[in-house]
Amino acid sequence: MTQTNVVDTPQATVAGGADKPHVLVELDHVEKHFGALHVLKDINLKVNKGEVLVIVGPSGSGKSTMCRTINRLETIDSGDIRIDGQSLPQEGKALAQLRAEVGMVFQSFNLFANKTILDNVTLAPIKVRKRNKVEAEREAMDLLDRVGVASQANKMPSQLSGGQQQRVAIARALAMHPKVMLFDEPTSALDPEMVNEVLDVMVELAHEGMTMLCVTHEMGFARKAADRIVFMADGQILEQDTPDAFFEHPKTERAKDFLSKIL
Ligand code: ADP
Ligand code: MG
């Protein structure tokens, strides 16, 4: 938490009590169905500023859906989701603004295929944040440098490796100065030799104090970077604990079973 080159939001300040944590993301009794499928069941989750959560659980347990509700790529049936105290607006400009506070990196490198790497990173800051082009490009080059792909700035996405594209996707999300970053299995589509170059960037971000929710099967990353492991199964959060406690002493049979298959 000492360096703040990328994460330049001010330190947590909470009105009415210095020791009260600054809750940046809050899911409050969130329910979601896909037709008859009850995919999120009474999800309650608080993420404090600077915290790194790793979300694990069997395939189909609702991890991606939960992440997608946080920037309203999925609507919810009931409950409430707050970003830095503000409920997610239904639509329109207010939603776009709040969405800009939540950076997201997906499994597939969904860069704009017909734009250069540099344009991929500057597009949203110029359009949504109304940044001036020269400034946006200067910052984009800094971010690309930080993730190790500055020399690729004028290339098209298809000319980059998967690992490089995923690092560009991280730089692109950071260019919006989000309050929180969501990662949904960012390395699971990568060739094995590229996994670490992406995880290294994520570890660095975590150490800089970025607030992060990461769905990943990379347990080495979880142990190294997570403050808390959230274990989901069947649309429910079954356990939330420190990595040591979760990996060494899982409480539920579901978690024991899950860990026995992946470790
Ligand atoms: P996870 O990320 O943990 O693998 P998901 O959130 O992707 O789980 O999916 C949870 C459940 O919801 C799965 O059964 C999946 O098939 C279903 N699901 C996900 N997205 C949709 C959708 N758009 N329409 C219908 N069912 C969906
Ligand atoms: Mg998923």
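Let me confirm something: among 202, 194, 210, 181, which residue is under 27 Å from residue 239 (Cβ atoms), out of contact with any Lys or Arg (no Cβ under 6 Å at 6 or more places or on another chain) and without any contact (Cβ under 8 Å) to a residue 60 or more places away in the chain?
202
Could you give me the residue pairs with C-beta distances under 6 Å whose first residue belongs to segment 34-47 and is within 30 Å of residue 20 (Cα to Cα), whose second residue is at pLDDT 95 or above and of a type in the set (Lys, Arg) wherever it lies, and which are 6+ apart or on separate chains?
Correct list of pairs: 40/32.
Take segment 61-82 and flag every residue that is β-branched (Val, Ile, Thr) and more than 10 Å from ligand 1 (Cβ to nearest atom).
Filtering segment 61-82 down to residues β-branched (Val, Ile, Thr) leaves 65, 69-70, 75-76, 81.
Once the filter is applied, which keeps residues that are β-branched (Val, Ile, Thr) and more than 10 Å from ligand 1 (Cβ to nearest atom), segment 61-82 yields 70, 75, 76, 81.
Checking the conditions here, which among 95, 53 is in contact (Cβ under 8 Å) with a residue 12 or more places away in the chain, open to solvent by less than 50 Å² (accessible area, probe 1.4 Å) and within 16 Å of ligand 2 (Cβ to nearest atom)?
53
Which condition number does residue 76 fail, the rest of (1) open to solvent by 60 Å² or more (accessible area, probe 1.4 Å); (2) among the β-branched types (Val, Ile, Thr); (3) in a loop (DSSP other than H, G, I, E, B) being met?
(1)
With 185, 239 as the choices, which residue is among the charged types (D, E, K, R) and within 16 Å of ligand 2 (Cβ to nearest atom)?
That would be 185, the only listed residue that is among the charged types (D, E, K, R) and within 16 Å of ligand 2 (Cβ to nearest atom).
Can you pull out every residue in segment 98-137 that is within 17 Å of residue 174 (Cα to Cα), in contact (Cβ under 8 Å) with a residue 40 or more places away in the chain and among the basic types (Lys, Arg)?
129
Is at least one residue of segment 243-260 assigned to a loop (DSSP other than H, G, I, E, B) and open to solvent by less than 10 Å² (accessible area, probe 1.4 Å)?
no
Starting from segment 60-73, keep only residues that are away from ligand 2 (no atom under 12 Å from the Cβ), then list their pairs with residues that are among the hydroxyl-bearing types (Ser, Thr, Tyr) and open to solvent by 10 Å² or more (accessible area, probe 1.4 Å) whose Cβ atoms are within a distance under 8 Å, requiring at least 6 positions of separation or different chains.
Cβ pairs passing all conditions: 69/75.
Every residue, every condition in (1) more than 15 Å from ligand 1 (Cβ to nearest atom); (2) more than 14 Å from the chain's Cα centre (by Cα); (3) at pLDDT 95 or above; (4) not in a loop (DSSP other than H, G, I, E, B), yes or no:
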site: 24; (1), (2), (3), (4): yes, no, yes, yes
site: 32; (1), (2), (3), (4): no, yes, yes, yes
site: 45; (1), (2), (3), (4): no, yes, yes, yes
site: 59; (1), (2), (3), (4): no, yes, yes, no
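Got at least one residue in segment 5-22 being modelled with pLDDT of 95 or more and closer than 27 Å to residue 143 by Cβ?
Going through segment 5-22, the residues modelled with pLDDT of 95 or more turn out to be 22.
Those left that are additionally closer than 27 Å to residue 143 by Cβ: 22.
Yes, the conditions are met somewhere in segment 5-22.
The values are calculated or read from the model by the stated rules, or taken from the named source; none is laboratory data. These numbers were taken from a predicted model, which means no experiment stands behind them. Methodologically, a virtual Cβ is constructed for each residue, glycine included, from the backbone with ideal geometry; neighbour enumeration extends over all protein chains shown. SASA here: full protein model, heavy atoms, side chains in, ligands and nucleic acids out. Shrake-Rupley method; radii C 1.70, N 1.55, O 1.52, S 1.80 Å.
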